Amino acid sequence: MTSLHSTSGEQPLLHLEKVRREYPSGDGVFAALKSVDLTIWPGEMVAIVGASGSGKSTLMNILGCLDRPTSGSYQVRGQETGQLEPDQLAALRREHFGFIFQRYHLLGDLSALGNVEVPAVYAGLARNARDQRAGALLERLGLGARTGHRPGQLSGGQQQRVSIARALMNGGEVILADEPTGALDSHSGVEVMKILEELHAEGHTVILVTHDMAVAEHADRIIEISDGDIVADRQQRECKPAPSLPPPHPPAGGLQQLIDRFREAFRMATLAMAAHKLRTFLTMLGIIIGITSVVSVVALGNGSQQVILENIASLGTNTLDVYPGTSFGDMRSSRVETLVPGDADALASQPYVDSVTPSVSSSVTARYRNVAANAQVSGVGEGYFRAKGQTLLQGRLFDATSVTSRAQEVVIDETARDTLFTNGEDPIGQVVMFGNVPMRVIGVLKKSQMGFGGNDTLSAYVPYTTVMTRMLGQSFLSSITVRIADDADMTAAQAAVTRLMQTRHGRTDFFINNTDEIRKSITSTTQTMTLLISAIAVIALVVGGIGVMNIMLVSVTERTSEIGVRMAVGARQSDILQQFLIEAVMVCALGGVIGVLLALGISGLFSLSGASFPMIISATSVVIAFLCCTMIGVTFGFLPARRAARLDPVEALSRN
Ligand code: ADP
Ligand code: MG
């Protein structure tokens, strides 16, 4: 039988001893292979025959390192396989075996050329060499004109020839063909057998499974298997000494190989996404909504905060406001009459004070000819306009003389001008009644940006002395604005002002408002709000991530057979993991891009809608959005990807 080999002292190629393979069945186990002893020598062409269910495929899977024996020993070129890790088995498959399946098992998304190349990708063959070799193999198998066709565009015989080319891609020292002609018409079947015989003649070891004796007759040796045991092993004809195969191509360098494998994983991920566009989009939707809301909310927060801070700046920098009462909400503050012009004078003489502006305000009806409107009259000092950074549009402001002489002069704002002087006449020099006090308009101020008071009230500025004596008949002020000298310390100045006022009044019947503090509290409030809303949006993103995980699990289940094929041709677990992880990350990242674009669109619409503040999308928030998406992809893609990577190759292959 095998005397030729054993006497030549040659090493067996494949060697099985007492191999047993059990499957769980009901309560006990079922032995598909009972105790198989078998030696295959290099260059043989072996047919395994037997009835359906006799254990032929089980044996083939063990021979091809897709499966491991339950007990017994299997050696490939003297190397024991029983204790090998999945990735080491994958390496054996890559280096020694080429599989041909009954139903071809080509990857439907790839062209014929792409299918043939897959084993070389995992083996790390350089890209050019890969393309060339795959093209040459297809040419040789008579498919030179069909390299760009998808499996769906090829006949059964052609698909089987593509799968033979794939089996040869990494060298195909041992060709394992499980019922290679089983799904073919007789003509294509004959063709495939001719190719296998040619390969055998070239030095490939060919092992094929068939239940067709006519097919088995092509082999030199026929092994018959029945109920998990070898019952006959006939040498048909003497096996010619095999010519040695050309050595396989040298693989590409380490880094290039990593890049190639990554690129393959990336390409498969994009193909998978493109094949299910609607599903991919729906998967992304959660991420899109999450990212759009986070980015928009943060942009709204930033925009409104910026405007508010600008407004505060227009209230004056380095200023303290002294008010009567205990706080803004104090109902009795209007009855506190102790804040007087004398306080303002005392403050003005302090070394750390730059200027002081007393103010008193009153709400009265303004009348000009037949127009009447409610107006907020502010009695202020001549330094007020500079301290508040107000801009004069027309006319002039009042000066110190106006204040001391209690002049009946008024500076109005744009709103007041537009309301009172409806037909565009020049307001300067006109006399307007405020309550029952006539005042001459001397200037018009530019409307300040949206302040706290809203922008639809009419504002009029009159010397405070005029308001106190002629309008209100009171001797106390509503507030004193103190501008601290630029070189003085704000906190120390505030303490000094407090002390001075306490000594003058003998008690604390006033409070001091520091615009710096308002600024700080507004900043921290908007930050808190942004954080809060972002937290809600993060929950939305997590929900989106769970959606991604869900669909990825479906995708893994759907592509189990593809995963099996990749494993059979030698993909490592990490290759499979990478492919699905990349897909998850890409779905999320693309969702992130769309989300950011949507947020940009929303901010555009927002500014077109004439909102009083802009949405500010910062580069930081965009970068963070992307990082979040990537992290979600990795986090929620990991479980499905790991499930894919840990699939059992035999089970995966048998799934459709
Ligand atoms: P063949 O290829 O000769 O038709 P197989 O090797 O596929 O036979 O199967 C041999 C026996 O093992 C059959 O009885 C089959 O039902 C059983 N078998 C194969 N795979 C499994 C499995 N994964 N789980 C349980 N039983 C299995
Ligand atoms: Mg079978």
Exercise. What number of residues in segment 36-65 are away from ligand 1 (no atom under 12 Å from the Cβ), within 28 Å of SER561 (Cβ to Cβ) and in contact with a helix residue (DSSP H, G or I) (Cβ under 7 Å, 6 or more places away or on another chain)?
Worked result: 3
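One residue is enough: does segment 213-225 have a residue meeting the conditions within 16 Å of ligand 2 (Cβ to nearest atom), assigned by TED's automatic domain parsing to the domain that holds ARG103 and surrounded by fewer than 22 Cβ atoms within 10 Å (Cβ to Cβ)?
The initial filter retains those residues of segment 213-225 that are within 16 Å of ligand 2 (Cβ to nearest atom), namely 215-216, 223-225.
Add one more test, that the residue is assigned by TED's automatic domain parsing to the domain that holds ARG103, and what stays is 215-216, 223-225.
Applying the additional criterion that residues be surrounded by fewer than 22 Cβ atoms within 10 Å (Cβ to Cβ) yields 216, 224.
Yes, some residue in segment 213-225 is within 16 Å of ligand 2 (Cβ to nearest atom), assigned by TED's automatic domain parsing to the domain that holds ARG103 and surrounded by fewer than 22 Cβ atoms within 10 Å (Cβ to Cβ).
I'd like to check which strands (runs of 3 or more DSSP E) are fully inside segment 369-419 and have at least 3 residues that are more than 54 Å from the chain's Cα centre (by Cα). Break it down stepwise before answering.
On the way: elements: 371-380, 392-395, 409-413.
Once the strands (runs of 3 or more DSSP E) in segment 369-419 are filtered for at least 3 residues that are more than 54 Å from the chain's Cα centre (by Cα), what remains is 371-380, 409-413.
Would you check which residues across segment 19-34 are among the charged types (D, E, K, R) and touching a strand residue (DSSP E or B) at 6+ places or on another chain (Cβ under 6 Å) and list them? Reasoning before the result, please.
Restricting attention to segment 19-34, the residues satisfying the condition of being among the charged types (D, E, K, R) are 20-22, 27, 34.
Those that are among the charged types (D, E, K, R) and touching a strand residue (DSSP E or B) at 6+ places or on another chain (Cβ under 6 Å): ARG20, ARG21, GLU22, LYS34.
Assess whether ALA625 counts as being assigned to a helix (DSSP H, G or I) and within 10 Å of the chain's Cα centre (by Cα).
Details: assigned to a helix (DSSP H, G or I): yes; within 10 Å of the chain's Cα centre (by Cα): yes.
The answer is yes for ALA625.
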Exercise. Which one of these does SER163 not meet: (1) away from ligand 1 (no atom under 16 Å from the Cβ); (2) at pLDDT below 95; (3) among the hydroxyl-bearing types (Ser, Thr, Tyr)?
Worked result: (2)
Exercise. Can you name the residue in segment 192-212 that is crowded, with 20+ Cβ neighbours inside 10 Å and within 16 Å of ligand 2 (Cβ to nearest atom) and is also nearest to ILE40 (Cα to Cα) among such residues?
Worked result: ILE207
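Let's see how each residue does on (1) surrounded by fewer than 16 Cβ atoms within 10 Å (Cβ to Cβ); (2) at pLDDT below 85; (3) under 20 Å from the mean Cα position of the chain (by Cα):
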site: ALA495; (1), (2), (3): yes, no, no
site: ARG499; (1), (2), (3): yes, no, no
site: PHE511; (1), (2), (3): no, no, no
site: ARG519; (1), (2), (3): no, yes, no
site: GLN527; (1), (2), (3): yes, yes, no
site: VAL543; (1), (2), (3): yes, no, yes
site: ILE551; (1), (2), (3): no, no, yes
Problem set entry | Members of segment 389-424 that are touching a residue at least 40 places away in the same chain (Cβ under 8 Å), closer than 16 Å to TYR464 by Cα and charged (D, E, K, R) | ARG406, GLU409
For this session: Give me a count of the residues in segment 408-425 that are surrounded by fewer than 19 Cβ atoms within 10 Å (Cβ to Cβ) and either modelled with pLDDT of 90 or more or in contact with a Gly (Cβ under 9 Å, 6 or more places away or on another chain) (or both).
Result: 1
Seminar exercise, completed: Considering residues that are out of contact with any Lys or Arg (no Cβ under 9 Å at 6 or more places or on another chain), away from ligand 1 (no atom under 16 Å from the Cβ) and either in a helix (DSSP H, G or I) or of a type in the set (A, V, I, L, M, F, W, C) (or both), the number found within segment 201-212 is 2
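Within segment 360-381, restricting attention to residues that are among the polar types (S, T, N, Q) and either in contact (Cβ under 8 Å) with a residue 24 or more places away in the chain or closer than 20 Å to SER405 by Cβ (or both), which residue is surrounded by the fewest Cβ atoms within 10 Å (Cβ to Cβ)? Outline the logic, then answer.
So in segment 360-381, the residues among the polar types (S, T, N, Q) come out as 361-363, 365, 370, 374, 376, 378.
Checking which are either in contact (Cβ under 8 Å) with a residue 24 or more places away in the chain or closer than 20 Å to SER405 by Cβ (or both) leaves us with 361-362, 365, 374, 376, 378.
Numbers: SER361: 18, SER362: 19, THR365: 13, ASN374: 11, GLN376: 17, SER378: 19.
Of everything passing the filter in segment 360-381, ASN374 is surrounded by the fewest Cβ atoms within 10 Å (Cβ to Cβ).
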Problem set entry | Number of the condition not met by LEU92 [criteria: (1) away from ligand 1 (no atom under 12 Å from the Cβ); (2) touching a residue at least 60 places away in the same chain (Cβ under 8 Å)] | (2)
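Would you mind finding the one in GLY114, GLY124 that is touching a Pro at 6+ places or on another chain (Cβ under 6 Å) and more than 16 Å from ligand 1 (Cβ to nearest atom)?
Working: GLY114 fails: touching a Pro at 6+ places or on another chain (Cβ under 6 Å).
Being touching a Pro at 6+ places or on another chain (Cβ under 6 Å) and more than 16 Å from ligand 1 (Cβ to nearest atom) holds for just one of GLY114, GLY124, which is GLY124.
Which residue, of GLU264, GLU173, GLU179, is at pLDDT 85 or above and more than 16 Å from ligand 1 (Cβ to nearest atom)?
One residue alone meets the criteria, GLU173.
Among GLY171, GLY182, GLY152, which is the only one that is of a type in the set (Gly, Ala, Ser) and in a helix (DSSP H, G or I)? If you could, list the steps in order and put the result at the bottom.
Numbers: GLY171 fails: in a helix (DSSP H, G or I); GLY182 fails: in a helix (DSSP H, G or I).
Being of a type in the set (Gly, Ala, Ser) and in a helix (DSSP H, G or I) holds for just one of GLY171, GLY182, GLY152, which is GLY152.
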Problem set entry | Residues satisfying the stated conditions in segment 512-545, i.e. touching a Gly at 6+ places or on another chain (Cβ under 7 Å) and in the same structural domain as LEU590 (by TED's automatic domain parsing) | THR526, MET529, THR530, ALA537, ALA540, LEU541, VAL543, GLY544
Exercise. Is segment 35-54 home to any residue that is at pLDDT below 95, out of contact with any Leu (no Cβ under 9 Å at 6 or more places or on another chain) and more than 16 Å from ligand 2 (Cβ to nearest atom)?
Worked result: yes
Problem set entry | Residues located in segment 171-184, provided they are over 16 Å from SER244 (Cβ atoms) and out of contact with any Gly (no Cβ under 7 Å at 6 or more places or on another chain) | ALA177, ASP178, GLU179, PRO180, GLY182
Seminar exercise, completed: For strands (runs of 3 or more DSSP E) lying entirely in segment 1-109, having 2 or more residues that are charged (D, E, K, R) picks out 14-25, 28-40
For this session: Name the one entry in ASP321, ASP354 that is part of a strand (DSSP E or B), outside the structural domain of ARG483 (by TED's automatic domain parsing) and not basic (Lys, Arg).
Result: ASP321
For this session: Could you tell me which numbered condition GLY610 fails, if it satisfies all but one of (1) part of a helix (DSSP H, G or I); (2) of a type outside the set (Phe, Trp, Tyr); (3) more than 27 Å from LEU107 (Cα to Cα)?
Result: (1)
Exercise. Farther than 26 Å from ALA344 by Cβ, surrounded by 18 or more Cβ atoms within 10 Å (Cβ to Cβ) and not small (Gly, Ala, Ser), is that true of VAL432?
Worked result: yes
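Given the criteria modelled with pLDDT under 90, surrounded by 18 or more Cβ atoms within 10 Å (Cβ to Cβ) and part of a helix (DSSP H, G or I), does GLY595 qualify?
Details: modelled with pLDDT under 90: no; surrounded by 18 or more Cβ atoms within 10 Å (Cβ to Cβ): yes; part of a helix (DSSP H, G or I): yes.
Considered against the rule, which asks whether it is modelled with pLDDT under 90, surrounded by 18 or more Cβ atoms within 10 Å (Cβ to Cβ) and part of a helix (DSSP H, G or I), GLY595 comes out as no.
The values are calculated or read from the model by the stated rules, or taken from the named source; none is laboratory data. Keep in mind that what you see is a predicted model, and the values were worked out from it rather than measured. We place every Cβ from the backbone using ideal geometry, glycine too, and count neighbours over all the protein chains shown.
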